[in-house]
1. Please report the antiparallel percentage of DSSP beta bridges with both residues in the chain, rounded to the nearest 5.
2. With +1 on each Lys and Arg Cβ and -1 on each Asp and Glu Cβ, and nothing else charged, work out how big the dipole of segment 17-260 is about its Cα centre, in Debye to the nearest 20.
3. Let me understand segment 97-183 better: what is its radius of gyration from the alpha carbons, and its Dmax, in angstrom?
4. For segment 168-191 and segment 343-364, what is the separation of their Cα centres, given in Å?
5. Please give the helix 33-50 orientation as an angle from the longest Cα principal axis of the chain, in degrees from 0 to 90, rounded to the nearest 10.
6. Given only helices, namely DSSP H runs of n ≥ 4 each adding -39500 (n - 2.57), what is the per-residue ellipticity at 222 nm of the chain, to the nearest 500 deg cm²/dmol?
7. Beyond a 19 Å Cα-Cα separation, which of these cross-linked pairs lie in this structure: Lys121/Lys148; Lys25/Lys191; Lys155/Lys214; Lys148/Lys287; Lys105/Lys220?
8. With springs connecting C-alpha atoms under 10 Å apart, model the chain as a Gaussian network and identify which of Lys216, Lys191, Lys113 has the largest mean-square fluctuation.
Amino acid sequence: MGERELLMIPGPTNVDPAVLRALSKPTLSHTDPEFVKIFKESLNNLKKVFMTHNEAFVIAGSGTLALEMAIANIIEPGDKILNTVSGFFGQYFVEISKAHGALPKVLEAPWGKSIKPDQVKNALKEGDYKAVTVTHVETSTGVTNPIKEIGEIVKEYSNAFYIVDAVCSLGGMEVRVDDWNIDVCASGSQKCIGVPPGLALLSVSDEVLKFLEKRKSPVKFWYGDFRNWLPVMRDPSRYFATPPVNMIYALSEALKVVLGEGLEERFRRHHILAEAFRAAMDALNLKLVADREYVADTVTAVYYPKNIEDNAFRSEMRRRGIVVASTLGPLKGKGFRVGHMGNVSQNDIMSTIAAIEATLRNMGYQFNYGAGLTAAQEKILSLQQ
Ligand SMILES: Cc1ncc(COP(=O)(O)O)c(C=O)c1O
């Protein structure tokens, strides 16, 4: 399928041609005033996307780097940390916390369900934690965790730093860093922002930066130490390590696309297309992994009906030009995941549903052919009014 392939996985997502063109511009010196201006403007625009006055950081790496920087800077060996885990990516925080010498207390929700604010409240009443971690959209299940409500609880019941993984939500769903008391918000370039993989994006509160001045032990991650990067983020003509110049051109273009659409409009588009996709799955009698009350607008995980084999399904989808992802961990082989985020359009959603219908029918699944497309179309019409 080559260049016509549609990426409907939960990242990387389809990249706007203007962003691809930016990547191919001649590489400037990282100290060239023209590049410094682009970097500075990108950091300012990124703050708008995070909805914050806090410091923004853009570092070469992936979302996992952003998670590790959050933990490495805040945690000192022996610190207690409250890690909430509702799927595959929540566990990343637990592993990173252990790697940096923290003592994690893990609050779990079953796969498909969200963490409850009361769970966090009860844990905070019983223990004293240095930090609380929450995965906003758990990409393995398509569940949204209530980061606003948990943020209120963290503020009211503790002195803990509040760390949020917004890798699968920033730029596609509401993430209000200042209003929701988020100390470190960690994200990546390749999902709702619509840049290829390769950038860790963070916002960091003044409280965290002040804490770093009085930490007892050095941060055990020199490349990831916020204090090494802070002068660069405040004045991109400064040097700590060479920034990925062309990726920052790409980010600059992508943020213009995001802000040009408008955040509220963008969230609404994500919501309408996610609702359309869910309506289609209902019409095909396919069950979602996420409980309805927690569904995310950026990714949906769907169980296969009986007798549908994962590799065969995804290979046939790919022959039809649509790439979808497998489910992870204990759900491996039991379902597929569709990312509907970033530059996703109504046409992309309708093509994906059409390919799912054709593929399932070809594989022997019995259903009312065309019902998914009709349901999605009707949902879009009703929500766009
Ligand atoms: C919620 C979440 N957190 C963290 C990550 C890890 O990000 P990356 O693959 O960019 O390192 C992912 C990747 O899919 C994710 O979805």
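1. 50
2. Charge dipole, segment 17-260, about its Cα centre: 260 debye, nearest 20.
3. In order Rg, Dmax, the Cα atoms of segment 97-183 give 12.6, 35 Å.
4. 29
5. That helix lies at roughly 70 degrees to the long axis.
6. Here the helix-only value at 222 nm equals -13500 deg cm²/dmol.
7. Lys25/Lys191; Lys155/Lys214; Lys148/Lys287; Lys105/Lys220, as the Cα separations exceed 19 Å there.
8. For the chain, modelled as a Gaussian network with Cα springs under 10 Å, the answer is Lys216.
Quick note: the coordinates plus some simple rules give every number you see, no bench work behind them. For clarity, every value in this text was computed on a predicted model and none was experimentally measured. Counting neighbours? That spans all protein chains shown, and the Cβs are built from the backbone with ideal geometry, glycine included.
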